[in-house]
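So the structure is just underneath, and the comments pick up after that.
What follows draws every value from the coordinates through simple rules; no lab data is involved. Bear in mind that the values here come from a model prediction, so they are computed numbers and not experimental data. Counting neighbours? That spans all protein chains shown, and the Cβs are built from the backbone with ideal geometry, glycine included.
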Amino acid sequence: MPDSSQKSIQMQRKNIRAILLIISTFTYLLIGAAVFEKLEYRSDLERRHGIDMIAQKLHNKYNFSEKDYQVLQAVVIKSISHKAGLQWGFAGAFFFAVVVITTLGYGHSTPNTTLGKLFCMIFALAGIPLGLIMFQSIGERVNTAIAYVLRKIRSCLNSRGYNVLREVTPKHLLFVSFSIGTMVITIDKIFFLLLSTIGFGDYVPLQTDGIMNNRPGYFAFTLLFIVGGLALFSASVNLLVLG
C-alpha cells in the first residue's frame, strides 16, 4: 500500500511538472510573439505596401488585370512569403515563435530589422532548450498513458480467459507510438518532415491566402497538430533512447 501511495505521489508530481512546463512554454511563446510583432510589424507593413504599389504600377502601365497579376505573382515572386497576409501580425509572430523553439525552421519568414534578428537569437537560445524539455516531459506522460491503457487491456483480456503477456514493455509502447504516428505520417511526406522537424521549406503551413486572419480555428488546429505531433514523436524517441 505505501508503495502504491508513493507511486501515485510521484505520478502527480510528474503530471504537475508537465503542466507547468506547458504553461511556461506557452507564456514564453506569447511574450516572444508580442516582441516579434512590435519589432517587425512596421517593416512587414512597408513590404506589403511595396508589393501593392508594384501591382498598382503594373496595372496602370500595362493595364494588368487582377488575374494577370496573380499569374505573375505565382511565377516571379512566389518566394516572397506574403500570401497569408502580414507575416508579423500577432498570429504570424506566434507561429514564427513556435517554429523557432521547435527547430522546424521553414525559412518562410525571417526578421528584417536588426533588433528583430538579435532578439530572435536570444529567444532561440532560451526557447529551444525549454521546448525540448517540455516535449520530453510530454513524451513521458504520453508513454505512461499508453502503458496504462495497455495494462487495462491486458487485465480485461486476462479476466476473459485470454493468455496475454504479463507486463507492458518499452517495445510494446514503441510499437503503439509508431503505429499511431504511421496513421498520420503515411498520408504524405509533409507530415513526416513536420513531425521530425526537418522542415525543408517546400511546404509551409498557414500560407494560404489570408488564412492566419480569416480562419483562426484552422490556425489553432495547425499549432495543436504541430505540438501534439512533436510530443508523440518525442515519446517514440524516448522509448528508443531510454527503453
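Based on the mean of other beta carbon atoms within 10 Å per residue, what is the order of 30-37, 110-117, most packed first?
Packing order, densest peptide first, comes out as 30-37, 110-117.
Based on the mean of other Cβ atoms within 10 Å per residue, sort peptides 140-153, 11-24, 224-237 so the most packed one is first.
Result, highest mean first: 224-237, 140-153, 11-24.
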